[in-house]
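J.: Before we start, here is the structure in question, set down as structure tokens.
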Amino acid sequence: MNLCDYSEIKKLLEINNFHFSKSLGQNFIINPAVCPKMAEMSGIDGESGVIEIGPGIGVLTAELAKRAKKVVCIELDSKLLPLLGITLKEFDNIEIINADVLKTDLHALIKEKFAGMKVFVCANLPYYITSPVIMALLESRINVESITVMVQKEAAERMCAPVGSRDSGAVTVSVNYYAEAQKLFDVSAGSFMPAPKVDSSVMKLNIRKTPPVDVTDEAFFFRTVRAAFGQRRKTASNSISSGLGVAKQAVIKAIADCGFAPDIRAEALTLEDLAKLSEAIKANIL
Ligand code: SAM
């Protein structure tokens, strides 16, 4: 069946008594140009394994299955499983797991399902958990080549902004620590059924083999970053001292030790600057 044809989809949903759940972020792609482009740009080939989060009725899944060796989908809504059985019946390289992606052990899944394969993540993410899913994928350091995801346009712009630019934030720094982020293309709200209120973008995170900066204490580095961006209108010294709960003098000294202006703001700091600063703060508070 044509998974981008509005009336065919409507009929399928009606027959199966399926109703969209807003709280599960269910907006299915109906623009026929989007999924082939996304699957193509994700870089998968006939030897690849793919993890898809939230297949919906399988419009992206089918494009992934045409190109990859194996696709494993994680779908939370059990009501979609019988529909996926119908829409994807022509494929024998797809497995659907009925689970919450945030509660799934992806290390174990990769080991069990994709032995000997290069693994990619490709998904149109449910927007209510975009950042938690992306950060969980990155922080757990699962062994994947890249993560190609559709997210809200503003979220993509934030994550793909250069660190040290006005549009950067704590999430920009975190994403860039683990991956090279690249915005691929925009997708209008009208490309979905039902249409969301916001536009979307597809972005690709190419996972780095090693972090681009050296930090002796990753947890402290990320705490410093979150503190620095915690109060955007304040100077970095004010935000960091209140966010970390350390004496302002210690932070001011660390900023001076790094050679930064005393009134510098977090968004002016590059990844290297933030790494240097977190090391200097640590040295000044010990
Ligand atoms: N891939 C389909 C498409 O592009 O048309 C559907 C994408 S829709 C934006 C998000 C999908 O994620 C829905 O199928 C929804 O049920 C599923 N979902 C929501 N929360 C989830 C979770 N925590 N774990 C796994 N899937 C989830």
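J.: Among (1) exposed (fewer than 14 other Cβ atoms within 10 Å of the Cβ); (2) in a loop (DSSP other than H, G, I, E, B); (3) at pLDDT below 95; (4) of a type outside the set (S, T, N, Q), there is one condition residue 259 misses while meeting the rest; what is its number?
T.: Status for residue 259: all satisfied but (3).
Table: residues versus (1) basic (Lys, Arg); (2) without any contact (Cβ under 8 Å) to a residue 60 or more places away in the chain; (3) not in a loop (DSSP other than H, G, I, E, B).
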| position | (1), (2), (3) |
| --- | --- |
| 8 | no, yes, yes |
| 13 | no, no, yes |
| 21 | no, yes, no |
| 35 | no, yes, yes |
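J.: Right, residue 157: of a type in the set (Asp, Glu), under 17 Å from residue 44 (Cβ atoms), within 19 Å of the chain's Cα centre (by Cα) and at pLDDT 95 or above or not?
T.: Spelling it out, it is not the case that residue 157 is of a type in the set (Asp, Glu), under 17 Å from residue 44 (Cβ atoms), within 19 Å of the chain's Cα centre (by Cα) and at pLDDT 95 or above.
J.: Report the residue count in the range 207-219 for those that are assigned to a loop (DSSP other than H, G, I, E, B) and either within 20 Å of the chain's Cα centre (by Cα) or not acidic (Asp, Glu) (or both).
T.: Selection size over the range 207-219: 8.
Listed here are the residues, each with its yes/no results for (1) assigned by TED's automatic domain parsing to the domain that holds residue 148; (2) away from the ligand (no atom under 13 Å from the Cβ); (3) hydrophobic (A, V, I, L, M, F, W, C); (4) under 19 Å from residue 202 (Cβ atoms).
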site: 11; (1), (2), (3), (4): yes, yes, no, no
site: 31; (1), (2), (3), (4): yes, no, no, yes
site: 39; (1), (2), (3), (4): yes, no, yes, yes
site: 46; (1), (2), (3), (4): yes, yes, no, no
site: 51; (1), (2), (3), (4): yes, no, yes, yes
site: 58; (1), (2), (3), (4): yes, no, no, yes
site: 72; (1), (2), (3), (4): yes, no, yes, no
site: 75; (1), (2), (3), (4): yes, no, no, no
site: 85; (1), (2), (3), (4): yes, yes, no, no
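J.: In the range 239-251, what residues are surrounded by fewer than 18 Cβ atoms within 10 Å (Cβ to Cβ) and at negative phi?
T.: 242, 247, 248, 249
A quick yes/no check of all residues on (1) of a type outside the set (D, E, K, R); (2) assigned to a strand (DSSP E or B):
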| residue | (1), (2) |
| --- | --- |
| 157 | no, no |
| 205 | yes, yes |
| 221 | yes, no |
| 228 | yes, no |
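J.: List, please: which pairs have Cβ atoms under 9 Å, are six or more places apart or on different chains, and start with a residue in the range 182-211 that is in contact (Cβ under 8 Å) with a residue 40 or more places away in the chain and within 16 Å of residue 147 (Cβ to Cβ) and end with one that is among the small types (Gly, Ala, Ser) and open to solvent by 50 Å² or more (accessible area, probe 1.4 Å)?
T.: From the range 182-211, the pairs are 200/188.
J.: When residue 150 is evaluated against the numbered criteria (1) over 16 Å from the mean Cα position of the chain (by Cα); (2) surrounded by 15 or more Cβ atoms within 10 Å (Cβ to Cβ), which criterion, by number, is the only one it fails?
T.: (1)
J.: Looking only at the range 66-88, filter to residues that are aliphatic (A, V, I, L, M) and under 21 Å from the mean Cα position of the chain (by Cα); which one of those is surrounded by the most Cβ atoms within 10 Å (Cβ to Cβ)?
T.: 71
J.: Of all residues in the range 1-54, which are of a type in the set (Asp, Glu) and either closer than 19 Å to residue 101 by Cβ or open to solvent by less than 30 Å² (accessible area, probe 1.4 Å) (or both)?
T.: Of everything in the range 1-54, just one residue is of a type in the set (Asp, Glu) and either closer than 19 Å to residue 101 by Cβ or open to solvent by less than 30 Å² (accessible area, probe 1.4 Å) (or both), namely 52.
J.: OK, next. Checking residue 273 against (1) part of a helix (DSSP H, G or I); (2) modelled with pLDDT under 95, which test does it fail?
T.: Tallying (1) part of a helix (DSSP H, G or I); (2) modelled with pLDDT under 95, residue 273 fails exactly one: (2).
J.: Scan the range 110-147 residue by residue and report those that are within 13 Å of the ligand (Cβ to nearest atom), in contact with a Gly (Cβ under 8 Å, 6 or more places away or on another chain) and among the polar types (S, T, N, Q).
T.: 124 - this is the single residue of the range 110-147 that is within 13 Å of the ligand (Cβ to nearest atom), in contact with a Gly (Cβ under 8 Å, 6 or more places away or on another chain) and among the polar types (S, T, N, Q).
J.: Something else about it: Listed residues 155, 161; which is out of contact with any Gly (no Cβ under 9 Å at 6 or more places or on another chain) and crowded, with 20+ Cβ neighbours inside 10 Å?
T.: 155 is the lone residue from the list that is out of contact with any Gly (no Cβ under 9 Å at 6 or more places or on another chain) and crowded, with 20+ Cβ neighbours inside 10 Å.
The values are calculated or read from the model by the stated rules, or taken from the named source; none is laboratory data. Because the structure is predicted, anything quoted here is derived from the model rather than measured. Please note: Cβ atoms are built from the backbone with ideal geometry, for glycine as well, and neighbour counts cover all protein chains shown. The accessibility values were calculated without ligands, DNA or RNA, using every heavy atom of the protein model including side chains. Shrake-Rupley method; radii C 1.70, N 1.55, O 1.52, S 1.80 Å.
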